[in-house]
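**Q** Here it is: the structure, laid out below.
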Amino acid sequence: MVHSSNGKTLYYQLVDILKKQIESNMIPHEKLPSERELEKKYGISRITVRLALQELETEGYIYRQHGKGTFVSDLSKSAADLAGAYSFTEQMKKLGRNPETIVLSFKQIEATKKVARALNVPLGESIFELKRLRSADKEPLMVETSFLPVKPFLSLTKEQMENKPLYDIFSEDFGQKIRLADEEFYASIASNEDAEILKVAIGAPVLHLVRTTYNMKNEVIEYTLSVARADQFHYKIRHVRND
């Protein structure tokens, strides 16, 4: 039973209890008890249970499948480090998973104000828009929409991207060596379209990543907006203090 006398709210107490159970007694993809079962077991309200499960989902401990229930996330192997997400393909291979990239669309469009600013090209200039689904072991993990300037990649085709990682195409086919990539991320919830592609519930926690990639001449050659499943990715960074 969860008590209200130790200074913590009931739902945070339940979060702590469930975290310990998940970490010590449960395995990845094991199904959790239902909301009703948790309510009865711990003598708390349904809303408290829902708040606790929502917190665990946000932190990546669990994931939900519509109509099936709530399950334990893989906190070790399947949770990729966003700080090292520079090469999705290589990262998945290091985790022992089988990566797959599906090109959902590839077309030439006119640069909007936002994208033109990001790529440092004139408003309305012709650019490539590439949308891809990233999966591992047949499980959808991330949707990426990349914008590329046309001039450095004039002969780029959909067939190339279906057969070779994008950064290999940059260096091997077009002589574009990457100097650095700036990346930022923020938490959000899945839109209807992204939820359908990623096979998660509408409104499920997701992580948005924004990447800007520069070549050796300090020119922007890629601007990518990604939506990643929150139960499959985590962020890790080391801060070193120099006094």
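**Q** Send over a whole-number figure in Å² for the accessible area per residue of the chain, probe 1.4 Å.
**A** 57 Å²
**Q** Using DSSP to call loops (not H, G, I, E or B), can you name the trypsin sites (Lys or Arg not before Pro) in segment 154-197 whose Cβ has at most 15 other Cβ atoms within 10 angstrom? The partial results should precede the final answer.
**A** Values: sites: LYS158, LYS177, ARG179; in loops: LYS177.
Qualifying residues, ordered by number: LYS177.
**Q** Also, quick follow-up: Quick one: helix 10-25 against the long Cα principal axis of the chain, what's the angle to the nearest 10°, folded into 0 to 90?
**A** Once rounded, the angle reads 80 degrees.
**Q** Here is a further query. By accessible area of protein heavy atoms, probe 1.4 Å, what ranking do HIS29, HIS66, HIS208 get, highest first?
**A** Largest accessible area first, the list is HIS66, HIS29, HIS208.
**Q** Could you work out the helix-only [θ] at 222 nm for the chain, with each DSSP H run of four or more residues adding -39,500 (n - 2.57) and the total divided by the number of residues, to the nearest 500 deg cm²/dmol?
**A** Helices in the chain give a 222 nm mean residue ellipticity of -7500 deg cm²/dmol.
**Q** How tilted is helix 46-58 with respect to the longest principal axis of the chain? Cα atoms for both, answer in degrees (0 to 90, nearest 10).
**A** 30 degrees
**Q** Quick check: convex hull over the Cα atoms of segment 96-181, volume per residue in Å³, rounded to an integer? Mind dumping the intermediate values first?
**A** On the way: hull volume 9.9 nm³, N = 86.
That works out to 115 Å³ per residue.
**Q** Near the amide H of PHE233, under 5 Å away, which other amide H atoms are found, from residues 5 or more places off or on another chain, if H is placed in the peptide plane?
**A** ALA80
**Q** Run the reach check for LYS164 against lysines, Cα to Cα strictly under 21 Å, same-chain hits fewer than 8 apart removed. What comes back?
**A** Partners within reach: LYS93, LYS94, LYS107, LYS131, LYS138, LYS151, LYS177.
**Q** So which residue, out of ASN215, ASN98, ASN25, gets the largest mean-square fluctuation from a GNM of the chain using Cα contacts under 10 Å as springs?
**A** So, out of ASN215, ASN98, ASN25, the one fluctuating most is ASN25.
**Q** All other residues with a Cβ under 11 Å from the Cβ of LYS19 taken together, and with Lys, Arg as +1 and Asp, Glu as -1, what is their net charge? The partial results should precede the final answer.
**A** Working: positive: LYS20; negative: ASP16, GLU23, GLU55, GLU59.
Its environment carries a net charge of -3.
**Q** Same structure, new question: Residue-wise, which Karplus ³J(HN,Hα) couplings in Hz belong to segment 101-111, taking 6.51 cos²θ - 1.76 cosθ + 1.60, θ = phi - 60°, and x for glycine or proline?
**A** Taking θ as phi minus 60°, the curve returns 10, 10, 7, 7, 7, 8, 8, 9, 9, 8, 5 Hz for segment 101-111.
**Q** Give, in nm to one decimal, the length gained when the segment between LEU104 and ARG36 is fully stretched (0.36 nm per residue of separation minus the Cα-Cα distance). Mind showing how you got there, number by number?
**A** Details: separation 68, 0.36 × 68 = 24.48 nm, distance 4.00 nm.
Full extension of this stretch gives 20.5 nm more.
**Q** A further question follows. Springs between alpha-carbon atoms under 10 Å, Gaussian network over the chain: tell me which of LEU156, LEU198, LEU53 tops the mean-square fluctuations.
**A** Judging by the Gaussian network model, the answer is LEU156.
**Q** Of the options SER155, ASN215, ALA190, report the single residue whose Cα projects farthest towards the positive end of the charge dipole of segment 95-233 (beta-carbon charges: Lys, Arg +1; Asp, Glu -1).
**A** ASN215
**Q** In the Gaussian network model of the chain, springs joining C-alpha atoms below 10 Å, which of GLY43, GLY69, GLY203 carries the largest mean-square fluctuation?
**A** GLY43
**Q** Hey, if we sort LYS114, LYS94 by accessible area with the 1.4 Å probe, largest down, what's the order?
**A** LYS94, LYS114
The values are calculated or read from the model by the stated rules, or taken from the named source; none is laboratory data. Everything quoted here is computed from the prediction, not taken from an experiment. Positions of Cβ are generated from backbone atoms using ideal geometry, with glycine treated the same way; all protein chains shown enter the neighbour counts. Accessible surface is based on the protein model in full, side chains and every heavy atom, while ligands, DNA and RNA are left aside. Shrake-Rupley method; radii C 1.70, N 1.55, O 1.52, S 1.80 Å.
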